[in-house]
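In what follows, a single structure is set out as structure tokens and then discussed.
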Amino acid sequence: GEQTTLPGGLAEAVAKAQIASDESAGGGNLLVDIKPGWLILEGRGAIAWYQERIPVVYSGQPVKFMIAPKLLIEIPKRKADCRISAGRLSIDGGRFIFAACLAVARA
């Protein structure tokens, strides 16, 4: 996977997107689309939709995945540096490696 640092302000963006997202559309998960230079966060529900573009240092292949909002808020609190690949997000914490399997979103 490609090494990146999750951007500051991500928790605030997740909170906004989570309001628009609901259980009927995508199980309440958020869509994350990472492209070189940008992280695009999207929450979609039956009556609302929210999207925010956040600058990020990333130069790998574009990756789209669905993730639970609570998990996306907690990850940068532990460590912002991570490795992202299709289907997996991992963080090397020194004494541990945290890995999350991601639901890969179709283009």
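Residue check: is GLU52 among the charged types (D, E, K, R), in contact (Cβ under 8 Å) with a residue 24 or more places away in the chain and within 17 Å of LYS16 (Cα to Cα)?
yes
Can you say whether GLU2 is open to solvent by 30 Å² or more (accessible area, probe 1.4 Å), over 13 Å from the mean Cα position of the chain (by Cα) and of a type in the set (Asp, Glu), as far as the supplied structure shows?
Against the criterion (open to solvent by 30 Å² or more (accessible area, probe 1.4 Å), over 13 Å from the mean Cα position of the chain (by Cα) and of a type in the set (Asp, Glu)), GLU2 qualifies.
Does PRO7 satisfy the condition of being touching a Ser or Thr at 6+ places or on another chain (Cβ under 6 Å) and at pLDDT 85 or above?
No, not satisfied.
Would you mind stating whether ARG83 is within 24 Å of GLY28 (Cβ to Cβ), part of a strand (DSSP E or B) and open to solvent by 70 Å² or more (accessible area, probe 1.4 Å)?
no
Of the conditions (1) in contact (Cβ under 8 Å) with a residue 12 or more places away in the chain; (2) in contact with a Ser or Thr (Cβ under 9 Å, 6 or more places away or on another chain); (3) not in a loop (DSSP other than H, G, I, E, B), ALA99 clears all except one; give me its number.
(1)
How many of the residues making up the stretch 72-90 are aliphatic (A, V, I, L, M) and at pLDDT below 85?
4
The values are calculated or read from the model by the stated rules, or taken from the named source; none is laboratory data. All figures in this text were calculated on a predicted structure; none of them were measured in a lab. Positions of Cβ are backbone-derived with ideal geometry, glycine not excepted, and every protein chain shown enters the neighbour counts. With ligands, DNA and RNA removed, areas are computed over all heavy atoms of the protein, side chains included. Shrake-Rupley method; radii C 1.70, N 1.55, O 1.52, S 1.80 Å.
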